[in-house]
1. When both residues are 6+ apart or on different chains and their Cβ atoms are under 7 Å apart, which pairs have a first residue that lies in region 50-65 and is within 14 Å of F11 (Cα to Cα) and modelled with pLDDT of 95 or more, and a second that is part of a strand (DSSP E or B) and of a type in the set (V, I, T)?
2. Looking only at region 73-91, count how many residues are surrounded by 12 or more Cβ atoms within 10 Å (Cβ to Cβ) and within 21 Å of the chain's Cα centre (by Cα).
3. Can L38 be described as assigned to a strand (DSSP E or B), within 11 Å of the ligand (Cβ to nearest atom) and surrounded by 11 or more Cβ atoms within 10 Å (Cβ to Cβ)?
4. Check A150, A158, A205 and return the single one that is among the small types (G, A, S) and surrounded by fewer than 15 Cβ atoms within 10 Å (Cβ to Cβ).
5. Got a number for residues in region 130-183 being among the charged types (D, E, K, R) and part of a helix (DSSP H, G or I)?
6. Considering region 74-112 alone, what residues qualify as being within 15 Å of the ligand (Cβ to nearest atom), at pLDDT 95 or above and not small (G, A, S)?
Amino acid sequence: MRLLYTAGSPFARMVRIALLETGLDTLVTKRELTRAQLYSADSEVLVLSPIGRVPALELDDGTVLTESLLILDYIDVHTRGPKLLPRNGSDGWRTLAEMGQAMGLLEGITTWLRALLLPEPERSATVIARESSRVNRAADALESVVACGAYSGQFNTAQIVLGIALGLIEPRMPGWKWRDGRPHLSQWYDVIADRPSFRATEPPAL
Ligand SMILES: N[C@@H](CCC(=O)N[C@@H](CS)C(=O)NCC(=O)O)C(=O)O
């Protein structure tokens, strides 16, 4: 198998962490692209998929899997260890519910970040205000539920996504003081960020 990714992509990081945590990482050849390579007109990703995004996982039979959540499904089907993403309701659907909330935070952060990175004349104040309000609202809700024991227990994909979302903030948007007033979320993040799979995949600063 071959994984195309960039070091800074949070969506690809989800897959890289799941591969490390399940031990399937040893079966995968990694192809790291720079941001410039990813966005170039002759990007290697375009050979695999017209969408041109990472992560893209090419299986040994030539099948190409894209979309981080679908690749996580593939990983979970093939792992021999505990499932990272229970899909049978055995956990009361807790992982899927928590993962949806964490994905909402991650998508809010990436949309906000992309809006901030545009040159001044192209920047939309409306998008920036909407996404900033969305992620702050989500982070407040996460502070409350984490204080009550959410995102704990057997390691799973909901924890991976929340850790990745929070891990994007300090290197990419240091101006957002997300830890202020959120001690439980902040402490929760410090624990997960210390896992070897998180340490091995830290996003570079811009
Ligand atoms: N929904 C996709 C999002 C993937 C995505 O947005 N990847 C970005 C990097 S973080 C990308 O490849 N962007 C290149 C482009 O948009 O041309 C997933 O979950 O895999």
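1. Matching pairs, first to second residue: R53/T66; V54/T6; A56/V64; A56/T66.
2. 11
3. So L38 does not fit the description; no.
4. Details: A150 fails: surrounded by fewer than 15 Cβ atoms within 10 Å (Cβ to Cβ); A158 fails: surrounded by fewer than 15 Cβ atoms within 10 Å (Cβ to Cβ).
Only one candidate qualifies: A205.
5. Here the count works out to 8.
6. Answer for region 74-112, where residues must be within 15 Å of the ligand (Cβ to nearest atom), at pLDDT 95 or above and not small (G, A, S): Y74, I75, M99, M103, L105, L106, E107, I109, T110, T111, W112.
The values are calculated or read from the model by the stated rules, or taken from the named source; none is laboratory data. All of these numbers come straight from a predicted model, not from anything done at the bench. Heads up, the Cβs are rebuilt from the backbone with ideal geometry, glycines too, and the neighbour counts pull from every protein chain shown.
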